[in-house]
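The values are calculated or read from the model by the stated rules, or taken from the named source; none is laboratory data. Predicted, not measured: the structure shown is a model, and the values here were computed from it. Every residue, glycine among them, receives a Cβ derived from its backbone with ideal geometry; neighbour counts consider all protein chains shown.
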Amino acid sequence: MSTSFPPLPLSRRELLLAGGASMAGSGAWPAEAPSGAASAGASSANIGDGVAPPSSPVQLKVNGTTHRLTLDNRTTLLDALREHLHLTGTKKGCDHGQCGACTVLLNGRRINACLTLAVMHQGDSVTTIEGLGTPRKLHPLQAAFVRHDGFQCGYCTPGQICSAVGAMAELKSGVPSHVSADLNAQPVYSADEMRERMSGNICRCGAYSNIQEAIAEVATRSTA
């Protein structure tokens, strides 16, 4: 006998945030770090003496829309997108620039959003996975990922797609890579060439061959 349950009133993200807040309020997490536990880089102004950390106004053009924010100077571009603009398609993976889950396009070039501060990009144009396509009108690479099953859990997929879009733009504009046979020649698409350019994007599910097939379909079509 099957049992049906009513839909949850909260999204998964809202549920996790609410759970974290309740644990903090119940004392399951310490309200203050023990003496001497603060990191060496933290100043007394950030530990609880009531002094707000320095902040700055930042203007970003994200997916074609201009946003004016006032951000803590330490806010990464990734956190500005996720926590302030609520564009959660861009994922926080390792937070050290090693997995590529946070890849976005900055003025058309791919970058790891976790490794750069938002205040460094005053007036810059950012494209996230939400800006590449929509469920009703997919970007060609998004559609190819669906056709070739280029994702499993899907967590790395936004970064993979943004990185691949940037990599194909690099090929088109002649930006060389380590496997380019002649650094003075126009790079051309090949499986090895694209593997090298995509090597900064990790898929822990191991869907690399499917990802490569999706990219190959779009890359070869655009150069035909």
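Listed values, structure above:
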| read-out | value |
| --- | --- |
| The lone exception for His84 - which of (1) of a type outside the set (Ser, Thr, Tyr); (2) over 14 Å from Cys162 (Cα atoms); (3) surrounded by 20 or more Cβ atoms within 10 Å (Cβ to Cβ) it fails | (3) |
| Only listed residue being at pLDDT 65 or above, outside the structural domain of Thr157 (by TED's automatic domain parsing) and either in a loop (DSSP other than H, G, I, E, B) or among the β-branched types (Val, Ile, Thr) (or both), chosen from Gln98, Gln59 | Gln98 |
| Residue within segment 137-156 that is in contact with a strand residue (DSSP E or B) (Cβ under 6 Å, 6 or more places away or on another chain), at pLDDT 95 or above, assigned to a helix (DSSP H, G or I) and closer than 24 Å to Gln98 by Cβ present | no |
| Selection count, segment 101-118, where residues are touching a helix residue (DSSP H, G or I) at 6+ places or on another chain (Cβ under 7 Å), surrounded by fewer than 15 Cβ atoms within 10 Å (Cβ to Cβ) and either modelled with pLDDT under 95 or not basic (Lys, Arg) (or both) | 1 |
| Hits in segment 85-125 (condition: within 13 Å of the chain's Cα centre (by Cα) and among the charged types (D, E, K, R)) | Lys91, Lys92, Asp95, Arg110 |
| Any chance Ala164 is surrounded by 15 or more Cβ atoms within 10 Å (Cβ to Cβ), among the hydrophobic types (A, V, I, L, M, F, W, C) and more than 20 Å from Ala216 (Cβ to Cβ) | no |
| Verdict on Gly159 being part of a helix (DSSP H, G or I) and in contact with a strand residue (DSSP E or B) (Cβ under 6 Å, 6 or more places away or on another chain) | yes |
| Residue check for Thr128: under 23 Å from Asn210 (Cα atoms), without any contact (Cβ under 8 Å) to a residue 40 or more places away in the chain and under 11 Å from the mean Cα position of the chain (by Cα) | no |
| Selection count, segment 104-136, where residues are of a type in the set (A, V, I, L, M, F, W, C) and in a loop (DSSP other than H, G, I, E, B) | 0 |
